[in-house]
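Enquirer: Pasting a structure below so you can have a look.
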Amino acid sequence: MGSEPVNRSRALRLVLAVFCLLAANTAAAQHSVARQWNNQLLEAIRHDLARPTVHARNLFHVSAAMWDAWAAYDNVADGWLVREKLSATDVQAARREAISHAAYRLLRWRFANSPGAATSLASFDAQMQLLGYDIANQSLAGDSPAALGNRIAETYIQFGLRDGSNESNGYVNRHYEPVNPPVIPPLPGNPEIIDPNRYQPLALEYFVDQSGNVIPGGFPEFLSPEWGQVVPFSLRSEDLSIRTRDGFDYWLFHDPGPPPLIGGPDGETYKTTFEQVVRWSGLLDPALGSMIDISPASLGNNTLGTNDGHGYAVNPATGQPYAPEVVPAGDYYRVLAEFWADGPSSETPPGHWFAIANTVSDHPLVIKRIGGNGPVLDDLQWDVKLYLALGGAMHDVAVASWGLKGWYDYIRPISAIRYLADLGQSTDPSLPSWDPDGIHLYPGEIELVTPESTAPGQRHAHLAGPGNSNIGKIAVYAWRGPEYILDPDTDTAGVGWILAENWWPYQRPTFVTPPFAGYISGHSTYSRAAAELMAAFTGDEFFPGGLAQFEAPQNQFLVFEQGPSVDVTLQWAKYADAADECSLSRIYGGIHPPADDIPGRMIGAVIGPEALSRAIQHFQGSAPPTLGIPAPVTELPSRSPFSLLMLISAVLLLGSRAARRHGGSPGNDKI
């Protein structure tokens, strides 16, 4: 009797979820079962903590599990973890059922402790019932599609407990500790910083993550600094180096070398890269009056790793010029910063690209041939293959970029800019507040507060301070910060002269900056990898019809403050144009300097094609085993952290990596 209220509550949530799904599925009845489960996953991510590494892994593992279920009924294809081969009278029906059981059980496991578990688990149950499958069927034995799906899910659950993610302990860090005490954004300056080259957490009254979850008591720990040790999809041992700090090994794939460091030979680059963030912050106001054409006629078509593009003469799909889209520059930059920020109710950056991929797949001009060649695929085959490749790429980006973040442990703009300003200016030794490591002065953008500039009616008059106490400090012309916003639905902070010691990124005051190091930019790496993969997978570097768009309605889209002041339509011709715009958005948002961005783009451009190449091996039945093919699961095992098979495989893998670390031949094996 004690469980009756709980059961009734679950039943009510299930009924509500079924009604919601019925409404959604009426409009999306044509979608494959893989797409329906991918939509379930994306929605669950929106209700979970904002953890891009964890969710890149979830997106990959669920995608790979669905692929394994599909491949079980194909005589050629190789699964990723599970390589069973079964037959069925109705192969399509068997695939739908096996995919559903695999996705359902894995999703319920991964989101059981999510803040949105009540909603997500009920939605998973409703999806199964809507598809006509028995949620109580947990059988692992036999050749039925349900048993196959359950075995696949159980294999991934067990694998996930020993893949290096520390899932069994809630993904918490095992070794990493920050070297810097936190910066307190509402207080001026950054007086407590110890190492200005290293990441610095924040101290806030409470933190609201990018999915809208309130986390009381300050600031979350650095997210996933040890993620480089998580088992990847296509990353190769020859691209791996291992570095040791404080007795812990950091695994670095595609290591670009260190970022610019203050106090070193590239100290001037350190200053200029963070100064660019401040200078671009001063553009975030439509009232400045500057107008810009944001259509593909003027923007995009960059050389990889640059922002040198000037758009396209014509749309190759229509043969006609792109129509101009002229808007206030301050609106465009603010919309960029918020659209790509993946804020409240977001599916995080890797999920954002799954949403883009789904939109592309729905486009009537898309012909579902991989690489633009070969037979036209049905929706299910297209989806499971696209998800395996894209999920693998997003997961590999998380492994590579967060491995680098953990090792280089690089400072974020809010910490660096305040630190540089606290030192003073480094432009002119004859001026006050000179320090060789201080910030550079730029007339009209970064200036010294002087008796002349604070005279009545002058640009810094409001900055003089009691008794002219701020004379000699650094002023910046920048976004003025959250103190000017009482109601983000009606207020706009605008830009103006503020003390650099009070500079804020263009973000919510309860978020400020992500809870992990900056170098390299995850957004840049995710986006470029996804763009490269989508172009190769579809066989066209352009979006369908040569154009993709997103509407940001006047005074309805922005969340951080009111705006935009006019309707803004983001437009991209190529997938790479969207990726580059995403990269730039993080500079306008005050989250990354260019030093974080460009290496991310370059690494993403390598990972995307590598992931697709590995996926094609699975499609063609030529893929090497993944850490050894796991033994078939025939009963529910205990949740022990290791199995003999995995331990042996891990020893072999570590032996290969150890050989590389100590100068041995790296070989050509893929991990």
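Enquirer: If I ask for residues that are open to solvent by less than 10 Å² (accessible area, probe 1.4 Å) and either acidic (Asp, Glu) or in a loop (DSSP other than H, G, I, E, B) (or both), which ones from the stretch 74-95 would you list? Walk me through how you get there before you give the answer.
Expert: Of the stretch 74-95, the ones open to solvent by less than 10 Å² (accessible area, probe 1.4 Å) are 77, 79-81, 94.
Ala77, Gly79, Trp80, Leu81 - these are the residues of the stretch 74-95 that are open to solvent by less than 10 Å² (accessible area, probe 1.4 Å) and either acidic (Asp, Glu) or in a loop (DSSP other than H, G, I, E, B) (or both).
Enquirer: Okay, moving on. If the requirement is being under 16 Å from Pro625 (Cα atoms) and surrounded by 20 or more Cβ atoms within 10 Å (Cβ to Cβ), which of these qualifies: Ala103, Ala71, Ala98, Ala56? Let's see the steps before the verdict.
Expert: On the way: Ala103 fails: under 16 Å from Pro625 (Cα atoms); Ala98 fails: under 16 Å from Pro625 (Cα atoms); Ala56 fails: under 16 Å from Pro625 (Cα atoms).
Selected residue: Ala71, the only one of Ala103, Ala71, Ala98, Ala56 that is under 16 Å from Pro625 (Cα atoms) and surrounded by 20 or more Cβ atoms within 10 Å (Cβ to Cβ).
Enquirer: Please find, within the stretch 426-440, the residue that is least open to solvent (accessible area, probe 1.4 Å) out of those that are of a type in the set (A, V, I, L, M, F, W, C) and without any contact (Cβ under 8 Å) to a residue 24 or more places away in the chain. I'd like the intermediate steps shown before the answer.
Expert: Quick first cut of the stretch 426-440, residues of a type in the set (A, V, I, L, M, F, W, C) only: 431, 434, 439.
Those left that are additionally without any contact (Cβ under 8 Å) to a residue 24 or more places away in the chain: 431, 434.
Details: Leu431: 71, Trp434: 112 Å².
Of everything passing the filter in the stretch 426-440, Leu431 is least open to solvent (accessible area, probe 1.4 Å).
Enquirer: Of all residues in the stretch 563-578, which are part of a loop (DSSP other than H, G, I, E, B) and within 22 Å of Thr525 (Cβ to Cβ)? Outline the logic, then answer.
Expert: To start, the set of residues in the stretch 563-578 that are part of a loop (DSSP other than H, G, I, E, B) comprises 563-567, 573.
The one that is part of a loop (DSSP other than H, G, I, E, B) and within 22 Å of Thr525 (Cβ to Cβ): Ala573.
Enquirer: Could you identify the single residue in Leu486, Leu463, Leu448, Leu499 that is free of Cβ contacts under 8 Å to residues at least 12 places away in the same chain, more than 19 Å from Tyr588 (Cβ to Cβ) and either under 39 Å from the mean Cα position of the chain (by Cα) or open to solvent by less than 10 Å² (accessible area, probe 1.4 Å) (or both)? Break it down stepwise before answering.
Expert: Numbers: Leu463 fails: free of Cβ contacts under 8 Å to residues at least 12 places away in the same chain; Leu448 fails: free of Cβ contacts under 8 Å to residues at least 12 places away in the same chain; Leu499 fails: free of Cβ contacts under 8 Å to residues at least 12 places away in the same chain.
When all the criteria are applied, what remains is Leu486.
Enquirer: List the residue pairs whose Cβ atoms are under 6 Å apart, where the first residue sits in the stretch 54-79 and is without any contact (Cβ under 8 Å) to a residue 60 or more places away in the chain, the second is outside any loop (DSSP other than H, G, I, E, B) and of a type in the set (D, E, K, R), and the two are 6 or more positions apart or on different chains.
Expert: From the stretch 54-79, the pairs are Asn58/Arg110; Tyr73/Arg95.
Enquirer: Moving on to the next point. Got a number for residues in the stretch 209-226 being among the charged types (D, E, K, R), surrounded by 18 or more Cβ atoms within 10 Å (Cβ to Cβ) and modelled with pLDDT of 70 or more? Before the answer, list the steps.
Expert: If we filter the stretch 209-226 for residues that are among the charged types (D, E, K, R), which is where we start, we get 209, 221, 226.
Among the residues that remain, those that are also surrounded by 18 or more Cβ atoms within 10 Å (Cβ to Cβ) are: 209, 226.
Restricting the remaining residues to those that are modelled with pLDDT of 70 or more gives 226.
So the answer is 1.
Enquirer: Going by what's in this entry, would Thr318 be described as within 30 Å of Val495 (Cα to Cα), hydroxyl-bearing (Ser, Thr, Tyr) and part of a loop (DSSP other than H, G, I, E, B)? Before you say what the answer is, go through the steps one by one.
Expert: Numbers: within 30 Å of Val495 (Cα to Cα): no; hydroxyl-bearing (Ser, Thr, Tyr): yes; part of a loop (DSSP other than H, G, I, E, B): yes.
When the stated conditions are applied, Thr318 does not pass them.
Enquirer: Return the residues of the stretch 387-425 that are open to solvent by 10 Å² or more (accessible area, probe 1.4 Å) and in contact with an Asp or Glu (Cβ under 6 Å, 6 or more places away or on another chain); say none if nothing qualifies. Please lay out each step first, then the result.
Expert: If we filter the stretch 387-425 for residues that are open to solvent by 10 Å² or more (accessible area, probe 1.4 Å), which is where we start, we get 407-408, 419, 421-423.
Correct list: Ala421, Leu423.
Enquirer: Considering only the stretch 451-460, I want to know if a residue exists there that is part of a loop (DSSP other than H, G, I, E, B), at pLDDT below 95 and out of contact with any His (no Cβ under 6 Å at 6 or more places or on another chain). Quick ask: steps written out before the conclusion?
Expert: Pass one, the stretch 451-460, residues part of a loop (DSSP other than H, G, I, E, B): 451-460.
If we keep only those that are at pLDDT below 95 as well, we get none.
No, the stretch 451-460 contains no residue that is part of a loop (DSSP other than H, G, I, E, B), at pLDDT below 95 and out of contact with any His (no Cβ under 6 Å at 6 or more places or on another chain).
Enquirer: From the set of residues in the stretch 253-270 that are crowded, with 20+ Cβ neighbours inside 10 Å and not in a loop (DSSP other than H, G, I, E, B), which is farthest from the chain's Cα centre (by Cα)?
Expert: Once the filter is applied, the top-ranked residue is Tyr270.
Enquirer: Return a yes/no flag: does the stretch 111-130 have any residue that is open to solvent by 40 Å² or more (accessible area, probe 1.4 Å), among the small types (Gly, Ala, Ser), out of contact with any Cys (no Cβ under 9 Å at 6 or more places or on another chain) and not in a helix (DSSP H, G or I).
Expert: First, pick out the residues of the stretch 111-130 that are open to solvent by 40 Å² or more (accessible area, probe 1.4 Å): 112-113, 115, 118-119, 129-130.
Keeping just the survivors that are among the small types (Gly, Ala, Ser) gives 112, 118.
Next cut, out of contact with any Cys (no Cβ under 9 Å at 6 or more places or on another chain) only: 112, 118.
When the remaining residues are screened for being not in a helix (DSSP H, G or I), the result is 112.
Yes - at least one qualifying residue is present in the stretch 111-130.
Enquirer: Right, here's the next one. Ala529: within 30 Å of Asp255 (Cβ to Cβ) and surrounded by 24 or more Cβ atoms within 10 Å (Cβ to Cβ), yes or no?
Expert: Details: within 30 Å of Asp255 (Cβ to Cβ): yes; surrounded by 24 or more Cβ atoms within 10 Å (Cβ to Cβ): yes.
When the stated conditions are applied, Ala529 passes them.
Enquirer: For the stretch 317-343, name all the residues that are touching a residue at least 60 places away in the same chain (Cβ under 8 Å) and loosely packed, with under 14 Cβ neighbours inside 10 Å.
Expert: Residue satisfying the conditions is Thr318 alone.
Enquirer: Any residue in the stretch 593-604 that's of a type in the set (Asp, Glu): show its pairings with residues that are crowded, with 24+ Cβ neighbours inside 10 Å and in a helix (DSSP H, G or I) at Cβ separation under 7 Å, as long as the two are six or more apart or on different chains.
Expert: Pairs that qualify, where the first residue is of a type in the set (Asp, Glu) and the partner is crowded, with 24+ Cβ neighbours inside 10 Å and in a helix (DSSP H, G or I), are Asp597/Ser524; Asp597/Ser583; Asp597/Arg586; Asp597/Ile587.
Enquirer: Keeping to the stretch 598-628, report how many residues are hydrophobic (A, V, I, L, M, F, W, C), assigned to a loop (DSSP other than H, G, I, E, B) and within 15 Å of Gly392 (Cα to Cα). It would help to see each step written out before you state the result.
Expert: Filtering the stretch 598-628 for residues hydrophobic (A, V, I, L, M, F, W, C) gives 598, 602-603, 605-607, 611-612, 615-616, 619, 623, 627.
Add one more test, that the residue is assigned to a loop (DSSP other than H, G, I, E, B), and what stays is 623, 627.
Subsequent filtering for residues that are within 15 Å of Gly392 (Cα to Cα) retains 623.
So the count comes out to 1.
Enquirer: For the stretch 321-363, name all the residues that are assigned to a loop (DSSP other than H, G, I, E, B) and over 26 Å from Pro505 (Cα atoms). Break it down stepwise before answering.
Expert: Taking the stretch 321-363 as the starting set, the residues that turn out to be assigned to a loop (DSSP other than H, G, I, E, B) are 321-325, 340-347, 363.
Matches in the stretch 321-363: Pro321, Tyr322, Ala323, Pro324, Glu325, His363.
Enquirer: Does Asp78 satisfy the criteria of being at pLDDT 95 or above, more than 30 Å from Val231 (Cβ to Cβ) and over 25 Å from the mean Cα position of the chain (by Cα)? Break it down stepwise before answering.
Expert: Values: at pLDDT 95 or above: yes; more than 30 Å from Val231 (Cβ to Cβ): no; over 25 Å from the mean Cα position of the chain (by Cα): yes.
It is false that Asp78 is at pLDDT 95 or above, more than 30 Å from Val231 (Cβ to Cβ) and over 25 Å from the mean Cα position of the chain (by Cα).
Enquirer: Any idea how many residues of the stretch 537-550 are open to solvent by 50 Å² or more (accessible area, probe 1.4 Å) and over 20 Å from Gly311 (Cβ atoms)? Walk me through how you get there before you give the answer.
Expert: Here is the first cut: in the stretch 537-550, the residues open to solvent by 50 Å² or more (accessible area, probe 1.4 Å) are 540-541, 547, 549-550.
Restricting the remaining residues to those that are over 20 Å from Gly311 (Cβ atoms) gives none.
Of the residues in that region, 0 qualify.
Enquirer: Output the residue which, of all residues in the stretch 373-419 that are assigned to a helix (DSSP H, G or I) and either of a type in the set (Lys, Arg) or modelled with pLDDT under 95 (or both), is farthest from Arg95 (Cα to Cα). Step through it out loud before you land on a result.
Expert: Within the stretch 373-419, the first condition is being assigned to a helix (DSSP H, G or I), and the residues that meet it are 379-408, 413-419.
From what's left, either of a type in the set (Lys, Arg) or modelled with pLDDT under 95 (or both): 385, 405, 418.
Working: Lys385: 14, Lys405: 39, Arg418: 56 Å.
Across the stretch 373-419, the extreme among qualifying residues is Arg418.
The values are calculated or read from the model by the stated rules, or taken from the named source; none is laboratory data. Only a predicted model underlies this, so the values are computations on that prediction, with no experimental measurement involved. Cβ atoms come from the backbone with ideal geometry, glycine included; neighbour counts cover every protein chain shown. When the accessible area is computed, the model is the full protein with side chains, heavy atoms only, and any ligands, DNA or RNA have been set aside. Shrake-Rupley method; radii C 1.70, N 1.55, O 1.52, S 1.80 Å.
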